[in-house]
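The structure under discussion appears below in the form of structure tokens.
The values are calculated or read from the model by the stated rules, or taken from the named source; none is laboratory data. Source: prediction; values computed, not measured. Here the Cβ positions follow ideal geometry from the backbone for every residue, glycine too, while neighbour counts run over all protein chains shown.
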Amino acid sequence: MDKFDVVIIGSGPGGYIAAIRAGQLGLKTTIVEKDKELGGTCLNIGCIPSKALLTSSDHFMFAKKEAQKHGIMIDNVHVDLTKMLQRKDKVVKTLTGGVRALMKTNKVTTFEGLGTITAPGKVSVQSSNGGKQEIETKNIVIATGSVPMELPFAKFDGKTIVSSTEALCFTEPPPKLLVIGAGAIGLELGSVWSRLGSEVTFLEFLPRIAVGFDLELSNQLQRALTAQGMTFHLEAKVTAIKIDNGRATATATKGNEELKFDADKVLVSVGRRAFSDGLGAEKIGVALDERKRVKIDNHFRTNVEGIYAIGDVVAGPMLAHKAEDEGIACVEIIAGKSGHVNYDVIPGIIYTNPELAGVGLTEEQAKEKGIDFRIGKFPFRANGRAIANEDVEGMVKFVADAKTDRILGAHILQHAASELIAEAASVMEFGGSSEDLGRTCHSHPTLSEAVKEAALAVEKRALHIVNR
Ligand code: NAI
């Protein structure tokens, strides 16, 4: 077999995007994937199926609670969960099939099986049917992603104590769902099952939900989710989970109190860990950090020549789009170009209703860094389109440098925040100021006008504000 220019191990958004870019650059590329389908966690058991269920359950909520406000009267609204899950599976299939087609288009060959690095430039692929193949390559990109973290005292059993993977396919809403950890996964899947009829209780170790996001907006999100029927216990550290007859009892400590919670299912969403099982990287001397993530320099190079790493398996936010950008930059560097990722402008989103989105520094982070900054805020209840939509929850908030007016951070709580945040990210990527954004013509009537208004509010000149 000819020697490849690049072998990419792992076909998640980091790996498959790196493969496409490598193909575009004319590198002889192959991708190795241990699972049957390409696309990794994101497409198969993460971002995509969760968004399919979030959208379906959001439509259900609209039909049940909101439609009548628009004069749309729907009788007997109910859910056919089998159909909802089938649609989710179809969405996944469409996208994983799409990735396979993209590999072909870009002349990227694929190997199915577990990839092990046996030496620099050598990858052995062990397929599930027992076959073994050896690949030779000039460069290796490790893109093996991450897996859910377990609680040491409550291992996943796939039935009662579950990870996000199983929580994407419950065949009926568990009457009582206990969610441990109020981060992105817990809040999104907790929302899905709450909308579909489960009684959802969150136990969160920290005094707040959605850590890493703007505190004021996270608190607003918590109030919104509470109003939707979810219950939050903050500063509650889970210390034990007992299973009896397929039901769980969790013990948590909250200050001096000991609390007990019974549940039909427990979703453990307390973070993810870098995945490199069976990869053999350590054996050939690739250095890992204290959290078993592959150590890289700012050119994605490990300490072993010709071996690179990107995505969840290296440090940084575990986000598909961060992995994608790293994948592109990494193969551009391999191809002799100058690849680069701007880590100051990586948006993060929690796809609840309202959605919570943020990019750059939060108000708290700007304070911690001792930056002299100004804040501009605008509520959606003063935005014409939001009122017309009957969807006024949330606000936009900018953090701008007090001297230069450069936008340092943008934070949005709104049903469509995941789309709205992209504008702020673009302006930030170009080093733009709040005045740049505030003077940009925005279509009327749109939700994006609230983004413009919040930018104007940095200079205390938002337009649609009464009783300033
Ligand atoms: P996370 O790190 O976002 O949140 C985990 C939460 O669990 C934290 O708030 C932590 O304080 C809490 N926790 C930890 N141990 C606990 C204990 N014993 N008792 C109670 N609470 C405890 O982790 P999550 O939600 O599992 O997500 C994993 C990764 O996947 C994150 O990096 C996240 O950004 C990413 N992700 C992103 C999504 C998105 O962009 N929409 C969706 C899903 C995941």
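Can you find a residue that is surrounded by fewer than 17 Cβ atoms within 10 Å (Cβ to Cβ), within 16 Å of the ligand (Cβ to nearest atom), assigned to a loop (DSSP other than H, G, I, E, B) and under 26 Å from the mean Cα position of the chain (by Cα) anywhere in region 291-303? Within region 291-303, one or more residues are surrounded by fewer than 17 Cβ atoms within 10 Å (Cβ to Cβ), within 16 Å of the ligand (Cβ to nearest atom), assigned to a loop (DSSP other than H, G, I, E, B) and under 26 Å from the mean Cα position of the chain (by Cα). The residue list Gly23, Gly40, Gly15 contains one member that is surrounded by 24 or more Cβ atoms within 10 Å (Cβ to Cβ), on the phi < 0 side of the Ramachandran plot and not aliphatic (A, V, I, L, M), which is Gly15. A Cβ distance below 8 Å, combined with a sequence gap of six or more or placement on separate chains, defines the contacts here; from region 107-118, residues that are at positive phi and at pLDDT 95 or above reach residues that are of a type in the set (Lys, Arg) and not in a strand (DSSP E or B) in the pairs Gly113/Lys34.
Exactly one residue among Gly130, Gly186, Gly115, Gly145 is within 21 Å of Asp264 (Cβ to Cβ) and either loosely packed, with under 14 Cβ neighbours inside 10 Å or small (Gly, Ala, Ser) (or both), and that residue is Gly186. Scanning region 27-71 for residues that are among the β-branched types (Val, Ile, Thr) and either closer than 16 Å to Ala167 by Cα or not assigned by TED's automatic domain parsing to the domain that holds Ile117 (or both) gives Thr41, Ile45, Ile48, Thr55. So, in region 257-273, of the ones that are assigned to a strand (DSSP E or B), within 26 Å of the chain's Cα centre (by Cα) and surrounded by fewer than 23 Cβ atoms within 10 Å (Cβ to Cβ), which residue ends up nearest to the ligand (Cβ to nearest atom)? So the residue we want is Arg272. Taking into account only those residues within region 190-231 that are within 18 Å of Val270 (Cα to Cα) and surrounded by fewer than 20 Cβ atoms within 10 Å (Cβ to Cβ), which is farthest from the ligand (Cβ to nearest atom)? Filtering first and then ranking leaves Thr231.
For region 341-356, name all the residues that are farther than 10 Å from Glu188 by Cα and within 13 Å of the ligand (Cβ to nearest atom). Once the filter is applied, which keeps residues that are farther than 10 Å from Glu188 by Cα and within 13 Å of the ligand (Cβ to nearest atom), region 341-356 yields Ile346, Pro347, Gly348, Ile349, Leu356. Taken over region 242-256, the residue count meeting the criterion of being near the ligand (Cβ under 10 Å from one of its atoms) and either within 20 Å of Glu172 (Cα to Cα) or surrounded by 18 or more Cβ atoms within 10 Å (Cβ to Cβ) (or both) is 2. On the basis of being surrounded by 22 or more Cβ atoms within 10 Å (Cβ to Cβ), within 11 Å of the ligand (Cβ to nearest atom) and farther than 21 Å from Ile349 by Cα, does Ala236 make the cut? For Ala236, the condition - surrounded by 22 or more Cβ atoms within 10 Å (Cβ to Cβ), within 11 Å of the ligand (Cβ to nearest atom) and farther than 21 Å from Ile349 by Cα - is met. For the residues Ile421, Ile465, the requirement of being β-branched (Val, Ile, Thr) and buried (at least 18 other Cβ atoms within 10 Å of the Cβ) singles out Ile421. In a residue-by-residue description of region 350-370, the property of being under 21 Å from the mean Cα position of the chain (by Cα), among the hydrophobic types (A, V, I, L, M, F, W, C) and over 22 Å from Val399 (Cα atoms) applies to no position. Applying the criterion of being closer than 17 Å to Ile375 by Cβ and outside any helix (DSSP H, G or I) to the residues of region 433-463, the residue that is nearest to the chain's Cα centre (by Cα) is Ser433. The residue that is nearest to Arg223 (Cα to Cα), among those in region 307-345 that are small (Gly, Ala, Ser) and not in a helix (DSSP H, G or I), is Gly316.
Figure legend. Inter-residue proximity from region 434-445: first residues not assigned by TED's automatic domain parsing to the domain that holds Ala402 and surrounded by 17 or more Cβ atoms within 10 Å (Cβ to Cβ), second residues modelled with pLDDT under 95 and outside any helix (DSSP H, G or I), beta-carbon distance below 9 Å, spacing 6+ or different chains. No pairs are indicated.
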